[in-house]
1. Give the residue that is modelled with the lowest pLDDT, with candidates limited to residues of segment 258-284 that are closer than 14 Å to Gly22 by Cβ and aliphatic (A, V, I, L, M).
2. Take the residues of segment 178-227 that are touching a residue at least 60 places away in the same chain (Cβ under 8 Å) and in contact with a Ser or Thr (Cβ under 6 Å, 6 or more places away or on another chain): which is surrounded by the most Cβ atoms within 10 Å (Cβ to Cβ)?
3. Is it true that Pro205 is modelled with pLDDT under 95, part of a loop (DSSP other than H, G, I, E, B) and assigned by TED's automatic domain parsing to the domain that holds Lys46?
4. Go through segment 62-97 residue by residue and tally those that are among the charged types (D, E, K, R) and under 18 Å from the mean Cα position of the chain (by Cα).
5. Quick test for you: out of Glu87, Glu43, pick the one residue that is of a type outside the set (Lys, Arg) and farther than 17 Å from Leu118 by Cα.
6. Quick one: Phe194 ticks every box in (1) assigned to a strand (DSSP E or B); (2) more than 19 Å from the chain's Cα centre (by Cα) bar one, so which box is it?
7. Looking at the structure I just gave you, is Ser36 without any contact (Cβ under 8 Å) to a residue 40 or more places away in the chain and among the hydroxyl-bearing types (Ser, Thr, Tyr)?
8. Taking into account only those residues within segment 25-61 that are among the acidic types (Asp, Glu) and over 20 Å from the mean Cα position of the chain (by Cα), which is surrounded by the most Cβ atoms within 10 Å (Cβ to Cβ)?
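The values are calculated or read from the model by the stated rules, or taken from the named source; none is laboratory data. Not measured: the values here are computed from a predicted model. Here the Cβ is made from the backbone with ideal geometry for all residues, glycine too, and neighbour counts use every protein chain on show.
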Amino acid sequence: MKTNRETVYQYIFGPVPSRRLGISLGLDIIPHKTCSLNCVYCECGKTTRHTLMREEYAPTSDIISELDRYLAPLPDLDVITFAGSGEPTLHAHIGLIINHVKTNYPRYKTALLTNSSLLHLEEVRQSILSVDYILPSLDAASQPVFEKINNPVDGLSAQTIIDGIKKLALEYTGILWVEVFIIPGINDTPAELFLIKKALKEIQPTRVQINSLDRPGTCAWVQPPSTQQLNSIANFFLPLPVEIITRKFRPQESNAEEKPDVEYIINTLKRRPMTIEDIAVALKININETQDMIDELVDMKNLVAERAGSLTFYRIPQKGNAGS
């Protein structure tokens, strides 16, 4: 892959706009398609090396050297994301790569997208604790559903996945967003949703993100749920902090002809506090433009910011307490 400097990179991809993470530089440290799962919805296709074996799948020194070349001019990025065409934690030295980024490029946030299959291993958890955002998946809580959706390597159970995320949640001090990928007719039954919610309540993530198919997956039979179904599931997961991921509403380039609707935001925030992401998705506008507008409203004391766990929510100030 080439960047605008016409340099060929083997492990770096992007940067790309991510609705959840901003301008994200991807780091793919596992060969295509080496994974512990063979998920029916995976956009990368069928797993060709099905394994739980941790190895140095790509030379750590080469990955670090490539990162150094790309990051030397300090490009405009929000986050460096460990993701790609396989399970990142299968790389035996992912911790060394994370530490290199955190030590040498502290201006950038880091993120890890993981299928959670190795989080039960203490060595894996310890290697990723310094990452700013960890986004583990939890698509099933019962073994039959886990096998239907995720097609795990032999010996891997749904309970192992749950236990691993729970252990991580107890040790991790960063932002933990647990993703649940909904497949109609498989994991959206009342019984399965009850078990998933029970697990999520034990995990207590920063946020539960409900995702669904918006591009071709491995299996053609996988279909997206309706908006009504997603809303119903999100309501079922309450009072957990939950949001529906809609990738079609990723950050966009600013459109001078379509200014943010301040009145809409004020009216909405009168009813419930929202995060910057919530507002950007609702308005379908660039998240940076949203931030500028919210900052101005806060400066004018029309809004106040409040922390809840790892998140910042914006709300209308109470009378007599503006700006507090």
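1. Val281
2. Glu179
3. It is false that Pro205 is modelled with pLDDT under 95, part of a loop (DSSP other than H, G, I, E, B) and assigned by TED's automatic domain parsing to the domain that holds Lys46.
4. 2
5. Exactly one residue qualifies, and that residue is Glu43.
6. (1)
7. Considered against the rule, which asks whether it is without any contact (Cβ under 8 Å) to a residue 40 or more places away in the chain and among the hydroxyl-bearing types (Ser, Thr, Tyr), Ser36 comes out as no.
8. Applying the filter and picking the extreme gives Glu56.
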